[in-house]
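Questions regarding the structure given below will be posed in turn.
The values are calculated or read from the model by the stated rules, or taken from the named source; none is laboratory data. Because the structure is predicted, anything quoted here is derived from the model rather than measured. Every residue, glycine as well, gets a Cβ built from its backbone with ideal geometry; the counts of neighbours run over all protein chains shown.
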Amino acid sequence: MQIGTTVNQFLIEEQRRLGGTDNDLPALVNDVVVACKSLSHAISQGALAGMLGSAGVENVQGETQKKLDIISNDIMIAATERGGYLGAMASEEMDEIYPIPAQYPKGKYLLLFDPLDGSSNIDVNISVGTIFSILRCPAGVTNPTAKDFMQPGTQQVCAGYALYGPSTLLVLTTGHGVNCFTLDKSIGEFVLTQANLRVPVDTREFAINSSNSRFWEKPVKRYIDECLAGKDGPRKENFNMRWVASMVAEVHRILNRGGIFMYPRDTKDPTKAGRLRLMYEANPMSFIIEQAGGVCSTGRERIMGVQPTELHQRIAVILGSKNEVDRVVAYHTEG
């Protein structure tokens, strides 16, 4: 595709190139893109529009919601519920699924999203993002329930994220590679600026929340200890550590220069299999990373092979450059 192509043009041309006839998917993605443009503007206003601070309530995860968590959730719903492409949607910020209201036509897709990933960074003006995933509604289902969302990540037909940083970016895959678009505010369009992104297979950079090190399992502790030992250790290489506390920012860095991101299972809360949400974060990011040649695992199994059992299921996440993720997986196998 030609650099400078808008995201809508890109999706239409990709459909033609692949011989597709489904116009609903590009139209649905365009609705999500509209939401991301609105979010970009709202986030950029910050304190000028009273967007900062806590909303004083908790979401289903037991986390205190920021004002922008609620605003961004409402923006995504408003942008996508009327198009006639969705049967229902689910958000990290809502307890239950959101059926399309009766006054609007229903479609054959299901939308899952984290409307504002990394929202703890909002008040200190650090990059945040939006993550989304699209599934097909099971055949014959016209009134989807939560059960219809219980599809492994391998069933995704599209995934993407918007990164709200110095520039607003949209990274997208429909299962045929990964492409990056930049929001040109002068024309109000996302235009293609990086085509066919690939994750370097090797890296000397890792991202992990080291404050949890006392809770890590042995394979993770072994890996990080080796990285920290540098040239004097068994790896005989110096590593750098990064931690933004925004998954979108971490993944985007890995897409551009390699690296490994880890939010592993630990003993901090033995009742939870991990920290991140399988369907709103882990699956869409895994789809993107794998399409760019990277690897994604819980340490024990491929993330996109996991069968969901709950709408807000949590999971361990280890993703990024192939050779480093493979090493961590091997350490888990060795025990």
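Within the range 204-245, can you find the residues that are within 21 Å of ARG257 (Cβ to Cβ) and among the aromatic types (Phe, Trp, Tyr)?
Result: PHE206, TYR223, PHE239, TRP243.
Out of (1) modelled with pLDDT of 95 or more; (2) at negative phi, the odd one out for GLY84 is which?
Unmet condition: (2).
Also, I was wondering about something else. Is one or more of the residues making up the range 107-122 over 15 Å from LEU278 (Cα atoms), among the acidic types (Asp, Glu) and out of contact with any Lys or Arg (no Cβ under 7 Å at 6 or more places or on another chain)?
no
Follow-up question, since we're still on this one. Condition first: free of Cβ contacts under 8 Å to residues at least 40 places away in the same chain, surrounded by fewer than 23 Cβ atoms within 10 Å (Cβ to Cβ), farther than 24 Å from VAL306 by Cα and out of contact with any Cys (no Cβ under 9 Å at 6 or more places or on another chain). Can you find one or more residues in the range 104-112 that meet it?
yes
Next question. Looking at this structure, is GLY274 surrounded by 19 or more Cβ atoms within 10 Å (Cβ to Cβ) and either within 25 Å of GLU334 (Cα to Cα) or touching a residue at least 12 places away in the same chain (Cβ under 8 Å) (or both)?
Details: surrounded by 19 or more Cβ atoms within 10 Å (Cβ to Cβ): yes; either within 25 Å of GLU334 (Cα to Cα) or touching a residue at least 12 places away in the same chain (Cβ under 8 Å) (or both): yes.
Yes; evaluated as a whole, the condition is true for this residue.
While we're on this one: Out of ILE318, ILE303, which single residue is touching a Cys at 6+ places or on another chain (Cβ under 6 Å) and surrounded by 21 or more Cβ atoms within 10 Å (Cβ to Cβ)? If you could, list the steps in order and put the result at the bottom.
Numbers: ILE318 fails: touching a Cys at 6+ places or on another chain (Cβ under 6 Å).
Of ILE318, ILE303, the one residue that is touching a Cys at 6+ places or on another chain (Cβ under 6 Å) and surrounded by 21 or more Cβ atoms within 10 Å (Cβ to Cβ) is ILE303.
Which condition from (1) modelled with pLDDT of 95 or more; (2) among the β-branched types (Val, Ile, Thr); (3) surrounded by fewer than 16 Cβ atoms within 10 Å (Cβ to Cβ) is the one that ILE77 breaks?
The single condition ILE77 does not satisfy is (3).
Any residue in the range 154-172 that is under 22 Å from ARG275 (Cβ atoms) and outside any strand (DSSP E or B)?
Yes: one or more hits.
When the residues of the range 1-39 are filtered to those that are assigned to a helix (DSSP H, G or I), crowded, with 20+ Cβ neighbours inside 10 Å and among the β-branched types (Val, Ile, Thr), which remaining residue is farthest from the chain's Cα centre (by Cα)?
Ranking the qualifying residues of the range 1-39, first place goes to VAL7.
If you don't mind, there's one more thing I want to ask. Just to be sure, is TYR280 buried (at least 18 other Cβ atoms within 10 Å of the Cβ), at pLDDT 95 or above, out of contact with any Pro (no Cβ under 6 Å at 6 or more places or on another chain) and under 16 Å from PHE149 (Cα atoms)? Steps first, answer last, please.
Working: buried (at least 18 other Cβ atoms within 10 Å of the Cβ): yes; at pLDDT 95 or above: yes; out of contact with any Pro (no Cβ under 6 Å at 6 or more places or on another chain): yes; under 16 Å from PHE149 (Cα atoms): yes.
In short, yes.
Can you name the residue in the range 124-156 that is under 13 Å from the mean Cα position of the chain (by Cα) and more than 11 Å from PRO308 (Cα to Cα) and, of all such residues, is modelled with the lowest pLDDT? Even if it seems obvious, please write down each step before you answer.
At the first step, the residues of the range 124-156 found to be under 13 Å from the mean Cα position of the chain (by Cα) are 128-134, 153, 156.
Imposing the further condition that a residue be more than 11 Å from PRO308 (Cα to Cα) reduces the set to 128-134, 156.
Values: VAL128: 93, GLY129: 96, THR130: 97, ILE131: 98, PHE132: 98, SER133: 98, ILE134: 98, GLN156: 98.
The qualifying residue modelled with the lowest pLDDT is VAL128.
Looking at ASN209, ASN121 in this structure, which one is modelled with pLDDT under 95 and out of contact with any helix residue (DSSP H, G or I) (no Cβ under 8 Å at 6 or more places or on another chain)?
On the way: ASN209 fails: modelled with pLDDT under 95.
Residue meeting the stated conditions: ASN121.
Also, quick follow-up: Can you tell me how many residues in the range 214-242 are surrounded by fewer than 14 Cβ atoms within 10 Å (Cβ to Cβ) and either within 20 Å of VAL124 (Cβ to Cβ) or among the hydroxyl-bearing types (Ser, Thr, Tyr) (or both)?
Of the residues in the range 214-242, 1 are surrounded by fewer than 14 Cβ atoms within 10 Å (Cβ to Cβ) and either within 20 Å of VAL124 (Cβ to Cβ) or among the hydroxyl-bearing types (Ser, Thr, Tyr) (or both).
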